[in-house]
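Before any comments, here is the structure.
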Amino acid sequence: MKVLVIGSGGREHALVWKLKRSPRVSEIFCAPGNGGISQIAECVPLKISDHDALVKFAKERGIGLTVVGPDDALAAGIADRFQREGLRTFGPTQSAARLESSKVFAKEFMLRHGIPTAASGQFSNADDARAFVAKMSVPIVVKASGLAFGKGVIIAQTHAEAETAIREIMEERKFGDAGAEVVVEEFLEGEECSIHALVDGRSYLLFPSAQDHKRALDGDLGLNTGGMGTFSPAAKVLPPALEQRVCIEVLDRFIAGLSKDGLDYRGMLFPGLMITRDGIKVLEFNCRFGDPETQVLLTRLESDLLDLLEATIDQRLDTAVARWRPEAAVCVILASGGYPGSYAGGKKITGLEKSDVTVFHAGTKREGGDFLTAGGRVLGVTALAPTLAEAKSRAYAAVAGIHFEGMQFRSDIAAKGL
Ligand code: AMP
Ligand code: GLY
């Protein structure tokens with residue numbers, strides 16, 4: 001089968017890398033892809049937003065399955081368009097993907113179906129949001145409802161900060177229409193954990209746990225980023241007993257909720273969780289694979305990913321089985337200097353050829369024989385080893401051999417899991 005992966009980050013590199021290992025995949029394409037992906041797939045220079053061109057390409061090349069990576073593509077209805085054209089696609093429809101693209105929709109879904117989450121109010125009117133904030137104790141979390149490149153969540157330490165956030169999001173439209181509505185919620189204390197499960201609308205298949213590191217600097221300091229590194233399993237934050245509760249309180253109720261609401265959800269579901277003293281709370285739903293969670297999860301996946309994606313589309317997850325390697329995986333993100341603020345691109349990357357771990361490219365391009373930086377997150381250095389401690393030291397040993405001007409990374413990825 002010919003497979004097309006849509007996207008251009010580290011997650012897509014990992015998807016292509018894993019799908020290519022399937023004996024049933026004859027050819028693999030990525031639109032638009034990146035420097036690293038171009039080593040193992042044919043990259044097609046098409047914009048993710050250009051659905052006409054993507055459909056045309058998929059038809060001309062006889063693509064048997066298209067796998068959609070990023071949230072904005074799903075929110076824009078790419079899966080609906082491909083399906084209307086008779087093209088087989090992995091990723092939820094626009095309507096189902098509202099669980100990620102509208103935090104208000106997600107919150108109401110969770111409330112309707114008893115999925116534990118932070119106490120909150122949902123507002124389309126700034127005055128109502130301000131009145132709600134006035135009654136809350138600090139810190140207060142203010143979230144733009146729509147997609148805002150991971151920047152739409154403000155943790156306000158004072159009431160004044162919360163009011164500023166409401167003004168900027170709703171009245172000044174700092175994130176555009178993503179700020180037409182807001183969710184205002186209580187601040188939760190605890191450890192975050194990433195859960196992934198394939199969902200076919202009737203059943204789900206749980207993946208192992210993972211933990212991301214969202215802040216830019218060691219010790220969870222600095223600005224929020226797309227994710228600076230991951231490890232799996234995250235057994236310390238999510239021991240088996242808690243994982244069982246995730247199944248009962250989040251995933252079983254999610255599936256029941258889909259059928260009550262008549263929502264046809266087929267794809268990956270990635271709930272971001274906070275493990276608090278009062279139990280598990282869902283912070284958000286993501287309707288896609290996490291980045292950089294995918295890099296560690298697919299490194300550990302033994303089974304054929306194509307089989308699992310097809311079982312999801314065909315609603316056969318009730319009989320699907322995934323086999324996982326017992327080893328632990330750690331992914332350390334190497335980012336451009338200045339990220340998540342402004343940064344320069346075009347820096348030459350050295351030391352890649354010597355690496356004995358898997359290096360997933362996030363923001364790179366190939367020029368002649370060289371790889372150059374071309375994004376905030378540049379590489380995801382991913383190691384697999386019998387223990388988490390060994391995976392961590394293998395990943396960092398490989399990081400030490402890679403260089404580009406301004407390279408920054410966290411030196412404590414996976415430390416919390418040890
Ligand atoms: P979200 O996009 O909703 O996952 O929020 C992004 C990040 O903000 C999360 O990964 C958390 O680190 C933080 N966050 C979101 N909601 C809360 C909350 N209610 N309490 C504490 N931190 C939160
Ligand atoms: N790793 C966080 C995300 O993919 O949203």
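The values are calculated or read from the model by the stated rules, or taken from the named source; none is laboratory data. The structure displayed is predicted, hence computed values, not measured ones. Glycine gets a Cβ as well: all are built from the backbone with ideal geometry, and neighbour counts include every protein chain shown.
Tell me which residues, restricted to the stretch 46-65, are within 23 Å of the chain's Cα centre (by Cα) and either more than 24 Å from ARG366 (Cα to Cα) or assigned to a loop (DSSP other than H, G, I, E, B) (or both). Across the stretch 46-65, the qualifying residues are LEU46, LYS47, ILE48, SER49, ASP50, HIS51, LEU65.
Between VAL44, VAL16, VAL3, the distinction of being of a type in the set (Val, Ile, Thr) and touching a Cys at 6+ places or on another chain (Cβ under 6 Å) belongs to VAL16 only. So, restricting to strands (runs of 3 or more DSSP E) that lie completely within the stretch 84-187, which ones have at least 2 residues that are farther than 22 Å from LYS214 by Cα and small (Gly, Ala, Ser)? So the answer is 120-123. Which one is nearest to ligand 1 (Cβ to nearest atom), of the residues in the stretch 147-183 that are closer than 22 Å to ALA119 by Cβ and in contact (Cβ under 8 Å) with a residue 60 or more places away in the chain? Only one residue tops the list, namely VAL153.
Restricting attention to the stretch 88-104, the residues that are within 13 Å of ligand 1 (Cβ to nearest atom) and in contact with a Lys or Arg (Cβ under 7 Å, 6 or more places away or on another chain) add up to 1.
Within the stretch 190-249, restricting attention to residues that are touching a residue at least 40 places away in the same chain (Cβ under 8 Å) and on the phi > 0 side of the Ramachandran plot, the residue that is farthest from ligand 2 (Cβ to nearest atom) is GLY201.
Okay, residues lined up against (1) hydrophobic (A, V, I, L, M, F, W, C); (2) over 20 Å from the mean Cα position of the chain (by Cα); (3) surrounded by fewer than 18 Cβ atoms within 10 Å (Cβ to Cβ); (4) under 23 Å from LYS20 (Cα atoms):
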residue	(1), (2), (3), (4)
ASP314	no, yes, yes, yes
GLU327	no, yes, yes, yes
GLY337	no, yes, yes, no
THR350	no, yes, yes, no
VAL357	yes, yes, no, yes
PHE360	yes, no, no, yes
ASP370	no, yes, yes, no
THR373	no, yes, no, no
ARG377	no, no, no, no
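Consider LEU223 carefully, then state whether it is modelled with pLDDT under 95, within 16 Å of ligand 1 (Cβ to nearest atom) and within 20 Å of the chain's Cα centre (by Cα). Answer is yes for this residue.
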